[in-house]
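Just so it is clear, none of the values below were taken in a lab; they were calculated from the coordinates. Treat the numbers as computed from the prediction; the structure is a model and nothing was measured. For neighbour counting, all protein chains shown are included, and Cβ atoms are generated from backbone atoms with ideal geometry for every residue, glycine included.
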Amino acid sequence: MIRLSERVYYIKAVEEPLSADVGVVFGDRAAWLYDVGNSPAVSAELKGIGLPKIAVLSHFHPDHTGGLGDIAAEKVYLSAYTRKYIGFGDTVVEDVYINDGIELRIFPLPSSHSKGALGLETQGFAFLGDGIYSMQKGGRNVYNATLLKDTLDCLKRLGAKTFLLSHDPQYACPRDEVIAWLEEICSRRRKEEAYIEIKE
């Protein structure tokens, strides 16, 4: 695990098998997992944590949720859309505030990348998973312009100064840089167009 602060750590994403970055936040009573990855190595590392585990799933994609069956989480928070794929868990429809010796906030995150995304804010960090990324439509990388505006509105309400982005080589990114990057993408929208194409 890579340390970001006294209580906040993460396990780095891997390509084979494809497994997202996994956030680990140590509360007083539980280890809070933001995503669970999809790799036996990640699952083994998570199983080695001595505290009870509570998972917050960012969205339904298997690289973020595939290891769930291996880690014996005592509780799982997810969106209604992700629950359709997972089959169980506590559905989050509005902000959920939890005190576990530290304050945690689970929040719905409007996202072009995936319907039903969730974020987790704690200790000056906001775990965002893939929530700020584009989607594939007709072989193109695009943002839904309305959802991108909603994403930006959501991010601007966060108090966290560091955004944690899954699959990003930097992972821990300054809040202001992420917002500026998305605002620049937003500025490319042509009037009356529903999508903004991103050419990588």
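Tabulated data
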| item | result |
| --- | --- |
| Residue order, fewest to most surrounding Cβ atoms within 10 angstrom, among Ile132, Ile185 | Ile185, Ile132 |
| With Cα atoms, 0 to 90° folded angle of helix 175-187 axis to the chain main axis | 30 |
| Long-range tail of P(r) for region 2-198 (Cα pairs > 29 Å, %) | 18 |
| Nonlocal amide H pairs with Asp90, under 5 Å, H built at 1.01 Å | Val76, Tyr77, Leu78 |
| Ranked list, fewest to most other Cβ atoms within 10 Å of each Cβ, for Met1, Met135 | Met1, Met135 |
| With Cα atoms, 0 to 90° folded angle of helix 145-156 axis to the chain main axis | 50 |
| Cα centroid of region 78-148 to Cα centroid of region 9-23, whole Å | 17 |
| Phi to ³J(HN,Hα) by Karplus 6.51 cos²θ - 1.76 cosθ + 1.60 over region 99-115, Hz, x for Gly, Pro | 10, 10, x, 9, 8, 10, 10, 9, 9, x, 10, x, 8, 6, 5, 7, 5 |
| Rh by Kirkwood over Cα pairs, then Stokes-Einstein D for region 115-200 at 1.002 mPa s and 20 °C, µm²/s | 159 |
| The chain: calculated mean residue ellipticity at 222 nm from DSSP helix runs of at least 4, using -39500 (n - 2.57) | -6000 deg cm²/dmol |
| Computed over region 47-159, Cα set: Rg, Dmax in Å | 14.6, 47 |
| Exposure proxy order (Cβ contacts within 10 Å, fewest to most) of Tyr85, Tyr34 | Tyr85, Tyr34 |
